[in-house]
Structure formats: C-alpha cells, structure tokens
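Enquirer: Take a look at this one; I'll ask things after.
The values are calculated or read from the model by the stated rules, or taken from the named source; none is laboratory data. Computed from a predicted model, the values in this text were never measured in an experiment. Methodologically, a virtual Cβ is constructed for each residue, glycine included, from the backbone with ideal geometry; neighbour enumeration extends over all protein chains shown. For accessibility, only protein heavy atoms count, side chains too; no ligands or nucleic acids. Shrake-Rupley method; radii C 1.70, N 1.55, O 1.52, S 1.80 Å.
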Amino acid sequence: TNGLSHTDILYLGAGAMVRDSDIDGSGSPSSSPARAGINTSTDGGYTIERVKVNGVEVGIVGDSNGPGVIRNSLINADQSVNGNHNDGYTRRAGTGDVTISGSRLIVNVPGMTTGAFFLQDTWQQPIANVHLKDSIVEGLGYPLTLENHGSGTSVSLNNVRVSVYNSPDGYGPLA
C-alpha cells in the first residue's frame with residue numbers, strides 16, 4: 001500500500017524500466033482495490049514501453065520530478081471502486097520531463113470519469129514538462145483535461161487525436 005486505503009499495482013523506483021507487459025487490476029479484492037496500474041512518483045527516471053494497463057481506476061500516476069518516457073502503450077482506466085474517479089494518465093504535481101508518445105489513453109466508466117489525460121495541480125504545486133505526442137486520448141468526461149494554476153507551466157501536445165464517446169457522460173474534448 002502507499003499510505004492510502006488502496007494500492008498501486010506497480011510503484012516504480014529510480015531507473016525502472018517496464019517493457020512488453022500487461023498490468024491488470026481487475027482481480028483486486030474489494031477490500032484493497034487497485035487504484036493505479038503504475039505509479040511513477042520517483043525522481044530517478046523511468047521508461048514504460050509497450051505496456052497494457054487495465055482494470056484500474058488510474059492507469060498511470062505521474063507525480064514526479066524525475067524524467068520519464070511512456071511509449072507505444074495502451075492505458076485503459078476502466079474500473080471504479082466506491083465511486084472513485086478515473087484517469088488514464090494523471091499528474092497532480094511535478095516538473096520532471098515526461099514524454100508520452102504513440103500511446104492510447106482511454107477512460108470509459110459512466111459517472112466516474114474525469115479524463116484520459118488529466119493534469120490538475122491538486123496540491124497547488126507546478127505541473128511542468130509534460131509532452132503528449134502521436135497519441136490518442138478518448139472516452140467519457142473531458143478526455144483532455146489541463147488545469148494548472150502554478151507557475152512554470154509547460155505542457156505540449158503534438159499530433160494528438162481526441163475522441164469523446166457519445167454518451168450523457170461525454171462532456172467535450174477539452175477542459
């Protein structure tokens with residue numbers, strides 16, 4: 001556990017590399033539901049490549065000041081336990097240089113979705129150096145959510161397809 005009432009399946013340490021893997025939290029017990037497939041909250045850097053994540057509330061938590069690369073991966077936040085919201089990739093604080101490329105981020109839990117790519121300065125700290133390119137973000141809620149009130153903001157999007165599912169819970173492409 002990570003001090004919360006639920007768990008992250010894989011918590012990366014400095015220099016971690018995850019390749020050619022499937023991470024599935026759908027079999028987690030209700031007493032300890034899978035919150036995140038991968039938590040990258042390390043300052044030592046990481047690489048995630050050709051990874052499929054599903055059965056979780058949040059695909060990847062990216063709160064860190066270390067560099068990271070996520071490429072050619074499928075991240076599907078498709079579970080909600082006890083009414084918790086869903087995000088594909090989320091960063092709530094951190095300035096580490098992260099590049100997400102060639103990936104597909106999906107959220108599709110009616111009534112619980114916030115965003116497939118969700119940046120929100122929850123702790124009133126800057127979010128910076130996040131680069132999304134050559135990728136697809138899709139699902140319910142606002143698939144692409146950028147909310148940052150701190151200084152030092154630098155988020156880039158290049159060749160990103162945004163798709164909102166046609167549903168009462170599909171609000172629009174961007175918030």
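Enquirer: So in segment 29-58, with the set limited to residues that are open to solvent by 30 Å² or more (accessible area, probe 1.4 Å) and basic (Lys, Arg), which one is nearest to ILE100 (Cα to Cα)?
Expert: Only one residue fits best here, namely ARG50.
Enquirer: For segment 85-102, which residues satisfy the criterion of being under 11 Å from the mean Cα position of the chain (by Cα) and open to solvent by less than 10 Å² (accessible area, probe 1.4 Å)?
Expert: Taking segment 85-102 and keeping what is under 11 Å from the mean Cα position of the chain (by Cα), we get 86-92, 100.
The answer is ASN86, ASP87, GLY88, TYR89, THR90, ARG91, ILE100.
Conditions tested, residue by residue: (1) crowded, with 24+ Cβ neighbours inside 10 Å; (2) under 21 Å from ALA93 (Cβ atoms).
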| site | (1), (2) |
| --- | --- |
| GLY111 | no, no |
| TRP123 | no, yes |
| ASN129 | no, yes |
| VAL137 | yes, yes |
| LEU140 | yes, no |
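Enquirer: Taking segment 63-72 as the region of interest, how many residues are open to solvent by less than 10 Å² (accessible area, probe 1.4 Å) and at pLDDT 90 or above? Quick ask: steps written out before the conclusion?
Expert: Narrowing segment 63-72 to residues open to solvent by less than 10 Å² (accessible area, probe 1.4 Å): 64, 66, 68, 70.
In the following step, the residues that additionally are at pLDDT 90 or above were identified as 68, 70.
Final tally of qualifying residues: 2.
Enquirer: If THR40 passes every condition in (1) at pLDDT below 90; (2) of a type outside the set (Gly, Ala, Ser); (3) within 14 Å of GLY88 (Cβ to Cβ) but one, which one does it miss?
Expert: It fails just one condition, (1).
Enquirer: On the basis of being at pLDDT 95 or above and open to solvent by less than 10 Å² (accessible area, probe 1.4 Å), does LEU105 make the cut?
Expert: Yes; evaluated as a whole, the condition is true for this residue.
Enquirer: Limited to segment 157-175, what total is found for residues that are open to solvent by 60 Å² or more (accessible area, probe 1.4 Å) and in contact with a strand residue (DSSP E or B) (Cβ under 8 Å, 6 or more places away or on another chain)? Talk me through it step by step, then tell me what you get.
Expert: Taking segment 157-175 as the starting set, the residues that turn out to be open to solvent by 60 Å² or more (accessible area, probe 1.4 Å) are 157-159, 161, 165-166, 168, 171, 173-174.
In the following step, the residues that additionally are in contact with a strand residue (DSSP E or B) (Cβ under 8 Å, 6 or more places away or on another chain) were identified as 157-159, 161, 165, 171, 173-174.
Number of matching residues: 8.
Enquirer: Would you check if there is a residue in segment 125-133 being in a strand (DSSP E or B), under 30 Å from PRO29 (Cα atoms) and not basic (Lys, Arg)?
Expert: Taking every residue of segment 125-133 in turn, none turns out to be in a strand (DSSP E or B), under 30 Å from PRO29 (Cα atoms) and not basic (Lys, Arg).
Enquirer: Can I ask one more? Taking the criterion of being free of Cβ contacts under 8 Å to residues at least 40 places away in the same chain, within 17 Å of SER64 (Cα to Cα) and of a type in the set (A, V, I, L, M), would at least one residue in segment 158-172 satisfy it?
Expert: no
Enquirer: What's the number of the only condition in (1) open to solvent by 20 Å² or more (accessible area, probe 1.4 Å); (2) within 15 Å of the chain's Cα centre (by Cα); (3) within 21 Å of VAL51 (Cβ to Cβ) that LEU119 fails to meet?
Expert: Of the numbered conditions (1) open to solvent by 20 Å² or more (accessible area, probe 1.4 Å); (2) within 15 Å of the chain's Cα centre (by Cα); (3) within 21 Å of VAL51 (Cβ to Cβ), the odd one out for LEU119 is (1).
Enquirer: I'd like to check something: does segment 146-153 contain any residue that is modelled with pLDDT of 80 or more, closer than 22 Å to GLY102 by Cβ, out of contact with any Cys (no Cβ under 6 Å at 6 or more places or on another chain) and not acidic (Asp, Glu)? Give the steps one after another, and end with the answer.
Expert: Keep residues of segment 146-153 that are modelled with pLDDT of 80 or more, which gives 146.
After this cut, where a residue has to be closer than 22 Å to GLY102 by Cβ as well, the list is 146.
Now restrict to residues that are out of contact with any Cys (no Cβ under 6 Å at 6 or more places or on another chain): 146.
Retained after the next criterion (residues that are not acidic (Asp, Glu)): 146.
Within segment 146-153 (the criterion being modelled with pLDDT of 80 or more, closer than 22 Å to GLY102 by Cβ, out of contact with any Cys (no Cβ under 6 Å at 6 or more places or on another chain) and not acidic (Asp, Glu)), the answer is yes, since at least one residue qualifies.
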